[in-house]
1. Are any residues in region 49-60 touching a residue at least 40 places away in the same chain (Cβ under 8 Å) and either under 18 Å from G81 (Cβ atoms) or among the aliphatic types (A, V, I, L, M) (or both), and if so, which ones?
2. Just wondering, is there one or more residues in region 455-476 that are more than 27 Å from G342 (Cβ to Cβ), touching a Lys or Arg at 6+ places or on another chain (Cβ under 6 Å) and in contact (Cβ under 8 Å) with a residue 40 or more places away in the chain?
3. Kindly check whether there is at least one residue in region 201-214 that is part of a helix (DSSP H, G or I) and without any contact (Cβ under 8 Å) to a residue 12 or more places away in the chain.
4. Using the structure shown, decide if A223 is more than 20 Å from V425 (Cα to Cα) and without any contact (Cβ under 8 Å) to a residue 12 or more places away in the chain.
5. Which of (1) buried (at least 21 other Cβ atoms within 10 Å of the Cβ); (2) assigned to a helix (DSSP H, G or I); (3) β-branched (V, I, T) does I190 not meet, given it meets every other one?
6. Looking at region 230-251, I want the residues that are more than 20 Å from K196 (Cβ to Cβ) and have a partner that is among the polar types (S, T, N, Q) with Cβ atoms under 7 Å, at least 6 apart or on another chain. Which pairs are those?
7. All but one of (1) surrounded by fewer than 19 Cβ atoms within 10 Å (Cβ to Cβ); (2) at pLDDT 90 or above hold for E248, so report the exception by its number.
Amino acid sequence: MYAIEMKGITKSFGSVVANKQIDLNVKPGEILALLGENGSGKTTLMNMLSGIYKPDSGSIFIHGKPVTIGSPEDAKRLGIGMVHQHFKLVDRFSAADNIWMGQEKAGLLLKKDRYEKIAQIAQRFGFELDPKKKVCNMAVSEKQTLEIVKVLYYGAQIIILDEPTAVLTVQETKKLFQVLRRMKEEGHAIVIITHKLNEVMEISDRVAILRKGAYITTVDTAATSEQELTEWMVGRKIDLNIQRPVVEKTRPLLELRNVSINSDEGATAIDDVSFYIRGGEILGVAGIAGCGQKELCEAIAGLRPIRSGKMIHKGQNIVGLSPKQILEKGISMSFIPEDRLGMGLAPSLSITDNMLLKKYSDTKGPFVDRKTGRTDAEQVVRDLEIVTPSVDTPVRRLSGGNVQKVLLGREIKAGPNVIVTAYPVRGLDIHSSYTIYDILNQQKLARVGVLFVGEDLDVMIALCDKILVLCHGKVMGVVHAHKTTKEELGLMMTGALDLKDKYIDKPAGIARDTRFGEEEDQEV
């Protein structure tokens with residue numbers, strides 16, 4: 001008997017068919033990976049299982065019995081719990097309060113043993129969780145642990161995890177997988193939505209593949225390969241090798257010396273950080289989420305003030321200058337932010353209008369040159385193979401991969417010599433991701449300097465030339481990508497390994513040397 005069985009599930013949003021006649025099943029004591037490109041219908045399908053959406057047609061069976069799931073409460077009563085990619089937690093509440101607030105008829109009096117059940121669940125599965133700790137003081141991995149404990153607290157036997165390792169270190173991912181294996185041994189049915197094929201091969205028993213809203217196949221993990229899974233997802237062969245072209249080094253385009261930056265709350269987000277960005281080089285920045293990556297990118301782009309230190313371009317300190325003033329100094333910079341729809345693009349505007357946002361202020365006269373904007377938009381759509389009805393389509397109607405292509409295309413169209421990009425492939429399918437990697441490599445070949453903030457260490461090691469590692473806003477070291485390992489980077493990210501005294505980049509000292517750019521860096 002299956003723990004979950006979905007038959008002929010169809011769901012449409014207007015004229016868009018998100019799921020079409022989907023059949024899916026999961027056994028008790030099994031981990032099923034759900035794969036598919038962006039827009040293939042994975043999350044929509046699981047949202048129907050967790051009660052967020054209702055299917056237009058089809059049947060759902062839980063432990064062999066037909067059920068109707070009309071709300072998350074229905075799902076909870078049926079023993080279904082979903083851990084979303086974006087956590088559903090109240091920051092100012094403790095871990096225990098976040099768990100209890102979903103309890104029906106909690107009553108006015110708190111039971112004496114209210115913490116014991118949480119502690120028992122944590123101990124049983126090997127979680128490390130302080131029930132009294134506030135969410136705002138938790139690391140990302142602790143928040144995810146809390147989300148999983150929360151669904152287990154209410155007796156969930158069916159667990160759905162949406163991109164569970166997106167912001168975890170290698171070590172945290174291993175701990176999570178250990179917990180999932182224990183849950184599997186106790187008979188839990190687990191569904192993981194992910195894009196990371198190496199993790200699919202490591203943790204899952206079977207893999208179900210969706211493509212463009214349709215069910216393609218389900219295969220045993222032991223009998224398949226990453227290459228085969230990719231072909232099922234995309235419908236054709238994809239080269240899974242990330243290129244790292246060798247480009248002759250140029251002088252640094254931008255250098256940061258002893259830079260410190262505050263967070264929005266006034267705390268120190270970046271603490272005395274120094275490095276430089278060369279033309280024709282991709283410099284990766286690795287770190288646990290919230291270690292200052294966002295503040296660093298915004299400061300370089302001129303969107304956040306630098307508390308102390310210098311940012312040097314052609315011998316001049318450009319700290320305090322606006323993005324427009326930085327451009328006037330001769331450094332053309334493009335910034336692809338983490339929040340692509342909130343900060344990078346105007347979601348309600350068309351592709352054409354979003355292209356115009358980059359240079360509308362250069363227009364002479366009262367009218368914006370929409371003709372040029374439309375031509376640019378059409379070229380970007382053509383060059384980057386953006387799937388859209390037209391260039392007049394609002395970007396909020398595009399899939400995540402196509403939204404990112406619009407943003408990247410607009411920024412590259414401006415002809416930058418420095419690109420600062422934060423998590424450019426977060427949430428994107430493998431096909432879209434490799435398109436982005438190719439675009440960044442093309443810019444590298446054009447002698448553009450690229451700062452790449454990423455979370456997938458396998459990708460960073462394959463794509464980047466050097467990797468700078470942050471821990472709590474401090475630099476733990478800068479290493480050559482081809483000479484490091486995921487384990488070493490993970491230890492540096494958590495502060496367990498400190499290589500800052502072995503910098504291969506020593507900007508402040510080298511920058512004053514006339515031989516700068518002519519000698520090889522000292523390597524770790």
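1. L49, S50, Y53, I60 - these are the residues of region 49-60 that are touching a residue at least 40 places away in the same chain (Cβ under 8 Å) and either under 18 Å from G81 (Cβ atoms) or among the aliphatic types (A, V, I, L, M) (or both).
2. yes
3. Let us first name the residues in region 201-214 that are part of a helix (DSSP H, G or I), namely 201-203.
Applying the additional criterion that residues be without any contact (Cβ under 8 Å) to a residue 12 or more places away in the chain yields none.
No, the conditions are met nowhere in region 201-214.
4. Numbers: more than 20 Å from V425 (Cα to Cα): yes; without any contact (Cβ under 8 Å) to a residue 12 or more places away in the chain: yes.
Taking the combined requirement at face value, the residue satisfies it.
5. Unmet condition: (2).
6. P245/N441
7. Failing condition for E248: (2).
To keep it simple, each residue is scored yes or no on (1) of a type in the set (G, A, S); (2) touching a Ser or Thr at 6+ places or on another chain (Cβ under 7 Å); (3) more than 13 Å from L408 (Cα to Cα); (4) at pLDDT 85 or above.
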site	(1), (2), (3), (4)
G342	yes, no, yes, no
S348	yes, no, yes, yes
I351	no, yes, no, yes
K359	no, no, yes, no
P366	no, no, yes, no
T375	no, no, yes, yes
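The values are calculated or read from the model by the stated rules, or taken from the named source; none is laboratory data. Quick caveat: nothing in here was measured; it's all calculated off a predicted structure. All Cβ positions, even for glycine, are placed from backbone atoms using ideal geometry, and neighbour counts span all protein chains on display.
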